[in-house]
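Student: Got a structure here, written out as structure tokens. Questions coming.
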Amino acid sequence: MAKLTLVEAINQALNWSLTHDPDVVLLGEDIGVNGGVFRATAGLQQRHGKLRVQDTPLAEGLIAGMSIGMAAQGLKPVAEIQFMGFIYPALDQICNHMARMRNRTRGRITLPIVMRMPHGGGIHAPEHHSESLEALLCHHAGLRVLCPSSPAQAYGLLLAAIRDPDPVMFLEPTRLYRLARQEVPDDGVALPLDQCHLLRAGDDVTVVSWGAITHEVLLAAEQLAAEQIQCEVLDLASLSPIDHNSILDSVARTGRLVIVHEAARNCGLGAEIAATVAERGLYSLHAPICRITGYDTVMPYFRLEHDYIPGVARIADGIRSTVRA
């Protein structure tokens with residue numbers, strides 16, 4: 001069984017889907033000849049041909065619109081937006097058409113589309129290449145939003161996304177593309193959707209995160225274990241819909257909740273989780289809910305981005321304060 005990086009696991013899932021489902025088509029900027037800016041699609045055009053892996057013009061609205069047309073006619077397009085910050089030109093097609101087609105046609109037309117895009121900062125890139133815009137997408141009914149945090153998760157969730165009959169926004173944590181390797185069997189087995197993933201069991205505090213920041217959360221949890229603070233770490237994985245029941249069950253056991261995300265604090269997804277726990281699990285809480293987030297600014301350039309993204313020390317301090325409150 002091969003040990004793969006996250007980007008290699010994505011490539012493996014795409015290759016499996018192209019091999020076993022003739023309706024799957026990939027499209028995006030530079031994904032064919034060059035294999036994508038992060039090489040997520042490397043070798044796939046050479047293996048499956050130009051009709052199955054298509055290079056497009058530099059036009060995100062066109063990519064989204066083509067995907068809608070393909071899916072409405074029975075194909076399963078998997079489109080790549082080169083960076084999440086480039087999604088804005090595609091939002092008209094995504095929000096006004098892609099997300100609404102099932103409702104608009106009363107179920108007569110469904111759109112099995114996956115929109116892949118790198119997510120988050122930490123690679124010393126300009127701000128349009130480092131965006132965490134998950135809340136923007138989660139706000140729109142009709143879109144499922146996924147964000148894996150490990151190679152095995154990326155493989156299983158991407159397979160599930162491609163097989164889903166409705167549009168899926170698939171956010172790929174850029175910092176994790178080549179951070180670590182994990183054994184990933186190429187067996188075509190998809191992971192279940194709409195479920196949290198338990199990364200670490202603990203009794204003192206529930207910590208919810210997703211994407212690249214789960215790496216720092218796990219390091220902070222390991223550090224705090226030496227102080228006899230046991231964190232239960234939940235990886236959201238499915239950002240929309242959220243598995244609120246798993247979070248509420250965990251908070252009922254631990255009595256405390258810390259939410260960690262890289263995106264800006266104002267109207268971030270953490271606020272939705274906090275509001276739901278306040279509404280449905282208030283009497284389980286022994287301390288105020290704590291959010292540890294990015295700042296309400298544009299992602300700063302290069303070296304300063306590590307001050308923007310919550311680090312292990314800031315996460316550990318927030319958890320420590322919550323447990324001692």
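Every number here is computed from the coordinates shown, using simple stated rules; none is lab data. Every value quoted in this text rests on a predicted model; they were computed, and no experiment measured them. Quick reminder, even Gly has a Cβ in these numbers, built from the backbone with ideal geometry, and neighbours come from all protein chains shown.
Student: Within region 1-70, report the trypsin sites (Lys or Arg not before Pro) that DSSP leaves as loop and that have at most 12 other Cβ atoms within 10 Å.
Tutor: Those satisfying the criteria are Lys50.
Student: I need to check one value: relative contact order of region 197-324, counting alpha carbon pairs closer than 8 Å and at least 6 residues apart, in percent.
Tutor: With pairs under 8 Å counted, the relative contact order is 30 percent.
Student: With no solvent and one equal point scatterer per Cα, compute the Debye intensity ratio I(q)/I(0) for region 134-225 at 0.14, 0.19 Å⁻¹ and report its log10, rounded to two decimals.
Tutor: Here log10 of I(q) over I(0) equals -0.58, -1.01.
Student: Out of these labelled values of Cα extents along the principal axes in Å, (1) 59, 47, 36; (2) 59, 41, 39; (3) 64, 49, 34, which was calculated from the coordinates shown here?
Tutor: Identified label for the calculated read-out: (2).
Student: Under a Cβ-only charge scheme (Lys and Arg +1, Asp and Glu -1), can you give me the dipole magnitude of the chain about the Cα centre, in debye to the nearest 20?
Tutor: 480 debye
Student: Select from Leu158, Gly255, Pro77 the residue farthest towards the positive end of the dipole of the chain; place +1 on Cβ of Lys and Arg, -1 on Cβ of Asp and Glu, and compute about the Cα centre.
Tutor: Highest projection toward the positive end goes to Pro77.
Student: I've got another one for you. In a Gaussian network model over the chain where Cα atoms closer than 10 Å are linked, find which of Thr41, Thr276, Thr110 has the largest mean-square fluctuation.
Tutor: Thr276
Student: Something else now. Contact order normalised by length for the chain, with contacts defined as Cα pairs under 8 Å and 6 or more residues apart; what percent is it?
Tutor: This gives 17 percent for the chain.
Student: Can I ask one more? Give the Cα extents of region 3-183 along the principal axes, in whole Å, largest first.
Tutor: Its Cα atoms span 44, 34, 29 Å along the three principal axes.
Student: Given that compact globular proteins tend to follow 2.2 N^0.38 Å, what is the ratio of the alpha-carbon Rg of region 26-104 to that value?
Tutor: With N residues counted in region 26-104, Rg over 2.2 N^0.38 Å equals 1.10.
Student: Loop only per DSSP, at most 16 neighbouring Cβ atoms within 10 Å: give me the trypsin sites (Lys or Arg not before Pro) in region 218-280, ordered by residue number.
Tutor: Hits after loop and neighbour filter: Arg265.
Student: Turning to a different aspect of this structure: Report the chymotrypsin sites (Phe, Trp or Tyr not before Pro) located in region 246-325 that are in a DSSP loop and have at most 16 other Cβ atoms inside 10 Å of their Cβ, or state none.
Tutor: Of the chymotrypsin sites (Phe, Trp or Tyr not before Pro), the ones in loops of region 246-325 whose Cβ has at most 16 other Cβ atoms within 10 Å are Tyr295, Tyr301.
Student: To the nearest 0.05, how large is the calculated FRET efficiency for Arg181 and Gln46 if R₀ is 41 Å and r is the Cβ-Cβ distance?
Tutor: Once rounded, the FRET efficiency stands at 0.95.
Student: Using the Cα centre as the reference, give the magnitude of the dipole from point charges on the C-beta atoms of region 116-189 (Lys, Arg: +1; Asp, Glu: -1; all else neutral), rounded to the nearest 20 debye.
Tutor: Once rounded to the nearest 20, the dipole reads 100 debye.
Student: Which value, in debye to the nearest 20, describes the size of the charge dipole of region 197-324 about its Cα centre when Lys and Arg Cβ atoms bear +1, Asp and Glu Cβ atoms bear -1, and nothing else is charged?
Tutor: 220 debye
Student: Taking region 197-324, how much of its Cα-Cα pair set, in percent, is spaced more than 20 angstrom apart?
Tutor: Value for region 197-324 (Cα pairs over 20 Å): 38 percent.
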